[in-house]
Amino acid sequence: MIELSYSTFGLTNVDFLDSITEVDKAGYPGIELAFHRDHFNPFNVTDEYVGEIKKRLSTVKTKAACVATASHFFSPSRPHEPSLMSPDLAGRKRRIDLIRRGIGLARKLDVPLVTFGSGFIRDEHVMNPSANPRELLVDSIHQCLASVHDDEDITLLIEPEPGMFIETIEQGLSLINEVNSPKFQLHVDMCHLYCSDKDYVGALAKAAPYARFLHVSDAQRGYNLKILKMADELKLDLACANYLIYFPEFADYLLLDADHPIYFCDELPSRAQEKRIEDLLASVNIAQKPALVNYGKLDASASVHDDEIFTYLISVPGLSYDVLERARPIILYLRTTRDTRGKLLMDKMVANTLTGIVHFHEVPGEGTMDFASSFKALADNGFSGYASVELYHHVASWEQAMNDSFKHLSQFV
């Protein structure tokens with residue numbers, strides 16, 4: 001049986017204890033208790049407060065389904081960092097400590113599941129090729145598992161996420177096989193899977209026997225854009241995505257888009273640089289010359305697209321945050337500038353996924369996911385547990401988002 005749950009990560013405008021009551025009032029059988037530095041902070045949770053949480057849970061029908069150890073916990077501007085595979089041991093230990101605190105609170109609150117993600121390949125991995133991220137990740141997971149007692153019902157879950165080192169269901173299952181512990185299983189975020197597998201219904205069926213928990217949100221197709229550092233023999237395929245090529249020696253960017261190639265620069269390119277640009281364009285069969293845009297004149301102010309662009313940029317692996325942040329005004333330019341026909345250069349939300357679906361959690365029913373087929377595939381292939389709605393972009397409109405989600409999803413579970 002699949003039952004609905006709601007994550008407190010989307011309720012951070014509500015007092016944490018009151019969020020339990022609100023989830024119950026909305027009719028959800030389950031609630032995900034998500035770490036948040038200003039809402040449910042394990043470094044500030046006293047035994048007395050644990051008692052208050054238990055007391056509040058005892059007054060409602062809603063059951064605590066999972067403790068989420070919030071990838072966004074440490075630094076708002078650099079979410080997911082440090083990760084379980086950070087090259088720096090100090091960074092890994094900070095993340096391990098956070099997950100262990102999740103295990104401790106799960107034990108005190110009688111919650112059976114604790115979830116986390118792998119993290120991303122970052123520029124420090126590229127600069128330290130001797131540090132094997134897979135080995136670091138597996139070792140960190142074993143350290144976390146050592147905090148789970150053999151005789152208790154607590155299972156740790158890995159959540160694949162777009163752009164992360166563990167991004168797909170296949171990668172998640174491979175990691176589970178390598179770790180080889182009955183207390184380490186799969187957390188399936190249906191939005192993430194929709195972003196990462198063209199046959200997402202089939203992938204859900206394959207994942208179902210190993211999944212212990214679900215995240216639910218909707219999503220839709222976007223403008224798929226990969227940011228890559230210039231290198232010899234780049235593998236580019238415009239049928240899958242457009243590309244923003246970064247030139248480190250100039251900190252310039254070339255947009256490879258068949259409809260409107262653009263070179264963003266501080267100074268006009270040299271003849272040698274023009275030749276590199278021409279070669280890149282030719283490699284993807286773009287015949288027209290790129291427009292030149294003065295980077296210094298780009299709008300870098302706050303905009304209504306900031307949440308979308310931030311969510312996109314943090315999902316791009318292998319580049320420094322400075323390179324990604326410098327690309328922000330370029331994405332804003334593409335999202336707000338129209339061509340000679342009046343069409344936006346980027347007329348959909350920006351995506352960095354394997355399918356072109358945007359990793360931006362939307363209210364179920366407001367995107368294009370087929371929930372009827374998805375939940376059927378899960379149930380038919382053995383999944384039983386909670387499906388927790390996670391809508392961290394809807395904190396300001398939490399009440400409507402929570403109620404609309406319940407109304408839509410109740411049709412299918």
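The values are calculated or read from the model by the stated rules, or taken from the named source; none is laboratory data. Predicted, not measured: the structure shown is a model, and the values here were computed from it. When we count neighbours, we look across all protein chains shown, and the Cβ atoms used for this are built from the backbone with ideal geometry, even at glycine. What goes into the accessible areas is simple: the full protein's heavy atoms, side chains included, and nothing from ligands, DNA or RNA. Shrake-Rupley method; radii C 1.70, N 1.55, O 1.52, S 1.80 Å.
Matching residues to (1) part of a helix (DSSP H, G or I); (2) under 28 Å from the mean Cα position of the chain (by Cα); (3) farther than 17 Å from Ala327 by Cα:
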| residue | (1), (2), (3) |
| --- | --- |
| His192 | yes, yes, yes |
| Cys240 | no, yes, yes |
| Ile245 | no, yes, no |
| Phe250 | no, no, no |
| Asn285 | no, no, yes |
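Checking each residue in the stretch 1-15 for being open to solvent by 30 Å² or more (accessible area, probe 1.4 Å), out of contact with any His (no Cβ under 8 Å at 6 or more places or on another chain), touching a residue at least 24 places away in the same chain (Cβ under 8 Å) and part of a loop (DSSP other than H, G, I, E, B) picks out Met1, Asn13. Only one entry in Arg341, Arg335 is open to solvent by 20 Å² or more (accessible area, probe 1.4 Å) and closer than 13 Å to Leu225 by Cβ, namely Arg335. Considering every residue within the stretch 66-75, establish whether at least one is more than 27 Å from Leu324 (Cβ to Cβ) and not hydroxyl-bearing (Ser, Thr, Tyr). The answer is yes; a qualifying residue exists. Conditions first: (1) of a type outside the set (Gly, Ala, Ser); (2) under 19 Å from Ser320 (Cβ atoms); (3) more than 18 Å from the chain's Cα centre (by Cα). Arg101 passes all but one, so which condition is the exception? With (1) of a type outside the set (Gly, Ala, Ser); (2) under 19 Å from Ser320 (Cβ atoms); (3) more than 18 Å from the chain's Cα centre (by Cα) applied to Arg101, the lone miss is (2).
Just one of (1) open to solvent by less than 80 Å² (accessible area, probe 1.4 Å); (2) under 28 Å from Gly163 (Cβ atoms) fails for Asn294. It is (2). Scanning the stretch 200-238 for residues that are charged (D, E, K, R), under 17 Å from Ser283 (Cβ atoms) and not in a strand (DSSP E or B) turns up Asp232, Glu233, Lys235, Asp237.
Restricting the stretch 125-140 to residues that are free of Cβ contacts under 8 Å to residues at least 12 places away in the same chain and outside any helix (DSSP H, G or I) leaves a set whose member that is surrounded by the most Cβ atoms within 10 Å (Cβ to Cβ) is Asn132.
Residues that are out of contact with any helix residue (DSSP H, G or I) (no Cβ under 9 Å at 6 or more places or on another chain) and not small (Gly, Ala, Ser) within the stretch 56-77 comprise just one, Pro76.
The set of residues from the stretch 170-188 being in contact with a Ser or Thr (Cβ under 8 Å, 6 or more places away or on another chain) and buried (at least 24 other Cβ atoms within 10 Å of the Cβ) comprises just one member, His187. One residue is enough: does the stretch 265-288 have a residue meeting the conditions surrounded by fewer than 16 Cβ atoms within 10 Å (Cβ to Cβ) and in contact with a Pro (Cβ under 7 Å, 6 or more places away or on another chain)? The answer is yes, given that some residue of the stretch 265-288 is surrounded by fewer than 16 Cβ atoms within 10 Å (Cβ to Cβ) and in contact with a Pro (Cβ under 7 Å, 6 or more places away or on another chain). Evaluate the following for Glu366: is it open to solvent by 20 Å² or more (accessible area, probe 1.4 Å) and under 20 Å from the mean Cα position of the chain (by Cα)? So Glu366 fits the description; yes.
With respect to the conditions (1) without any contact (Cβ under 8 Å) to a residue 40 or more places away in the chain; (2) more than 20 Å from Ala65 (Cβ to Cβ); (3) outside any loop (DSSP other than H, G, I, E, B), Glu178 falls short on a single one, namely (1).
Yes or no, residue by residue, for (1) under 30 Å from Val14 (Cβ atoms); (2) exposed (fewer than 14 other Cβ atoms within 10 Å of the Cβ); (3) over 17 Å from the mean Cα position of the chain (by Cα); (4) not basic (Lys, Arg):
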site: Asp322; (1), (2), (3), (4): no, yes, yes, yes
site: Leu354; (1), (2), (3), (4): no, no, no, yes
site: His361; (1), (2), (3), (4): yes, no, no, yes
site: Glu390; (1), (2), (3), (4): yes, no, no, yes
site: Trp398; (1), (2), (3), (4): yes, no, yes, yes
site: Met402; (1), (2), (3), (4): yes, no, yes, yes
site: Val413; (1), (2), (3), (4): yes, no, yes, yes
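Of all residues in the stretch 141-169, those satisfying the criterion of being out of contact with any Leu (no Cβ under 7 Å at 6 or more places or on another chain) and part of a helix (DSSP H, G or I) are His142, Gln143. Restricted to the stretch 169-189, and to residues that are among the hydrophobic types (A, V, I, L, M, F, W, C) and more than 13 Å from Lys206 (Cα to Cα), which residue is farthest from the chain's Cα centre (by Cα)? The selected residue is Val179. For the stretch 4-16, the condition of being touching a strand residue (DSSP E or B) at 6+ places or on another chain (Cβ under 8 Å), aliphatic (A, V, I, L, M) and within 17 Å of Leu391 (Cβ to Cβ) holds for at least one residue.
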